[in-house]
Amino acid sequence: MNIPNSTQKRVIIIGGGFAGIALAKKLKNKNLQVVLLDKHNYHTFQPLLYQVATGGLEAGSIAYPIRKVIQEYPNFYFRMTSVKEIDTPNQKIISEIGDLHYDFLVIATGSKTNYFGNKEIERNAMSMKTIPQSLNIRSLILENFEQAVLIKDETERNALMNFVLVGAGPTGVELAGALAEMKKVILQKDYPDLDISKMQINLVQSNDRVLNTMSKKSSKEAEEFLLNLGVKIWKNIRVTNYDGRIITTNTSLNFDSATVIWTAGVQGAKINGLDAKSLVEKVDRIRVNQYNQVVSYNNLFAIGDIASMETPDYPQGHPMMAQPALQQGKLLGENLIRLIHKQKMTPFEYNDKGSMATIGRNLAVVDLPHYHFSGVFAWFVWMFVHLFSLIGFKNKAVVFLNWVYNYIWFDREGRLIIRPYKKKSFTTFTSDEI
């Protein structure tokens with residue numbers, strides 16, 4: 001990896017997400033050699049991926065170069081690579097570009113889409129955890145309409161304009177609202193020779209309410225907002241298979257769709273090499289104690305989505321969201337210094353600042369520890385919080401100007417097929433059908 005030897009303690013951070021970046025910032029000027037590894041050379045602001053997927057923002061406005069974050073940090077090094085395994089007996093990581101010894105290792109690899117073992121759904125559905133995946137969704141949405149214009153067969157055309165979102169958490173709800181707004185004010189102008197009223201947006205949820213991690217009031221209001229936008233909501237229905245065209249469920253209800261976007265769950269992005277008792281089965285999260293130390297290890301830590309800190313308030317670990325990741329990253333930065341100086345570490349206590357979701361223009365729901373509100377004010381709060389949380393002044397300015405433009409002109413100018421995406425599983429139409 002070409003990392004120089006040093007008399008300083010070496011801390012390796014795997015992952016440049018919210019947790020990894022928060023930790024890196026805390027370790028600045030702490031007389032340590034810090035090596036940050038990530039398979040991308042940028043940090044992604046994941047809460048706005050759905051806006052990239054629906055043409056509201058360009059990818060560059062929600063990404064920030066990792067090297068720029070640490071460029072003024074002494075003894076910091078970044079390498080773009082994927083870590084394949086952790087060799088705990090020899091205290092080294094094994095990556096695609098070589099091995100590297102560590103004194104302290106922090107795993108902040110985040111999460112990935114959880115298909116619950118269904119390989120066919122994984123093969124044929126779209127996921128939205130990264131910028132490339134969001135760009136693929138954007139391309140597929142637009143390509144579907146370009147193809148629908150050419151097709152005479154009504155059944156085939158309707159399948160291309162039928163969108164099914166599986167999972168009604170914040171991602172599914174926000175994506176459904178964005179698609180509904182595209183249908184209402186954009187697509188009918190872009191495709192005047194298509195009957196856009198035939199476009200369907202189906203939101204499928206396996207339990208009895210949308211946004212089930214938020215309050216019942218927020219859930220009810222979000223559902224009403226979506227229904228008013230024309231989204232069809234199917235509750236207590238579990239998707240069992242998708243072959244690229246037909247979605248089957250655990251009921252008699254099936255969908256004929258060219259586009260299924262899977263937002264039904266996430267699991268930890270684990271790395272091989274850890275003791276089996278350190279892992280939580282099915283969700284692949286790493287068990288940690290109150291100091292974010294990996295169970296069975298003294299110099300291994302896990303923070304963010306990958307970490308499962310089981311407490312009385314959170315028996316299955318903290319929510320896999322940005323706030324726990326940021327808070328754990330900041331505290332671990334302080335605790336590593338305490339540990340090196342043989343001082344007592346501070347246990348982690350999650351400060352729940354609330355949760356929120358936007359459904360569309362002037363529509364959002366916000367749950368704070370002691371307050372709840374929705375509608376226009378909630379929408380402005382949602383925008384302010386997300387704008388403030390972006391890294392980099394330029395990104396904040398670009399996103400703000402895009403939002404102002406979109407609001408005034410009812411437009412999304414990111415409707416560009418820059419990187420074409422073709423689904424192999426969907427029907428290839430012959431000249432007789434076009």
- If you take just the strands (runs of 3 or more DSSP E) that sit entirely in the range 87-135, which of them hold at least 1 residues that are of a type in the set (Val, Ile, Thr) and either over 30 Å from residue 415 (Cβ atoms) or open to solvent by 30 Å² or more (accessible area, probe 1.4 Å) (or both)? 92-95, 104-107
- Task: Evaluate the range 37-44: report whether one residue or more is open to solvent by 30 Å² or more (accessible area, probe 1.4 Å), more than 25 Å from residue 397 (Cβ to Cβ) and over 23 Å from the mean Cα position of the chain (by Cα).
- Result: no
- Task: May I ask you to list the residues in the range 304-332 that are crowded, with 21+ Cβ neighbours inside 10 Å and small (Gly, Ala, Ser)?
- Result: 304, 307, 308, 317, 325, 329
- Message: For the range 354-366: of the residues being open to solvent by 20 Å² or more (accessible area, probe 1.4 Å) and not in a loop (DSSP other than H, G, I, E, B), which is nearest to residue 320 (Cα to Cα)?
- Response: 355
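Looking at residue 244, is it at pLDDT below 95 and either open to solvent by less than 10 Å² (accessible area, probe 1.4 Å) or not in a loop (DSSP other than H, G, I, E, B) (or both)? Before the answer, list the steps.
On the way: at pLDDT below 95: yes; either open to solvent by less than 10 Å² (accessible area, probe 1.4 Å) or not in a loop (DSSP other than H, G, I, E, B) (or both): yes.
Yes: the conditions hold for residue 244.
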- Query: Only one of (1) charged (D, E, K, R); (2) assigned to a helix (DSSP H, G or I); (3) out of contact with any Phe, Trp or Tyr (no Cβ under 9 Å at 6 or more places or on another chain) fails for residue 156. Which number is that?
  - Reply: (3)
- Scanning the range 184-220 for residues that are touching a strand residue (DSSP E or B) at 6+ places or on another chain (Cβ under 6 Å) and of a type in the set (Gly, Ala, Ser), the one most open to solvent (accessible area, probe 1.4 Å) turns out to be 215
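In the range 367-395, which residue that is among the hydrophobic types (A, V, I, L, M, F, W, C) and part of a loop (DSSP other than H, G, I, E, B) is least open to solvent (accessible area, probe 1.4 Å)?
Ranking the candidates gives 390 first.
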- Task: Scan the range 288-300 and report the pairs whose first residue is surrounded by fewer than 19 Cβ atoms within 10 Å (Cβ to Cβ) and part of a loop (DSSP other than H, G, I, E, B) and whose second residue is charged (D, E, K, R) and modelled with pLDDT under 95, with Cβ atoms within less than 6 Å and a gap of 6+ or a chain change.
- Result: 296/275
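Considering every residue within the range 128-147, establish whether at least one is within 17 Å of the chain's Cα centre (by Cα), of a type in the set (Asp, Glu) and on the phi < 0 side of the Ramachandran plot.
To start, the set of residues in the range 128-147 that are within 17 Å of the chain's Cα centre (by Cα) comprises 128-138.
This time we only want the ones that are of a type in the set (Asp, Glu), so: none.
No: the range 128-147 contains no residue that is within 17 Å of the chain's Cα centre (by Cα), of a type in the set (Asp, Glu) and on the phi < 0 side of the Ramachandran plot.
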- Task: Could you grab me the full set of residues in the range 64-86 that are under 13 Å from residue 16 (Cβ atoms), assigned to a strand (DSSP E or B) and either at pLDDT below 95 or open to solvent by less than 30 Å² (accessible area, probe 1.4 Å) (or both)?
- Result: 76, 78, 83
- Message: Quick check on the range 257-280. Is at least one of its residues open to solvent by 20 Å² or more (accessible area, probe 1.4 Å), in a helix (DSSP H, G or I) and within 22 Å of residue 44 (Cα to Cα)?
- Response: no
- Note on the structure: Going through (1) within 30 Å of residue 301 (Cα to Cα); (2) crowded, with 21+ Cβ neighbours inside 10 Å; (3) of a type in the set (A, V, I, L, M) one by one, residue 337 fails only at (2)
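The values are calculated or read from the model by the stated rules, or taken from the named source; none is laboratory data. Keep in mind that this is a model prediction, so the values were computed, not measured. Cβ: placed from backbone, ideal geometry, glycine included. Neighbour counts: every protein chain shown. Ligands, DNA and RNA are stripped out before the accessible areas are found, and what is left, the full protein with its side chains, is counted by its heavy atoms. Shrake-Rupley method; radii C 1.70, N 1.55, O 1.52, S 1.80 Å.
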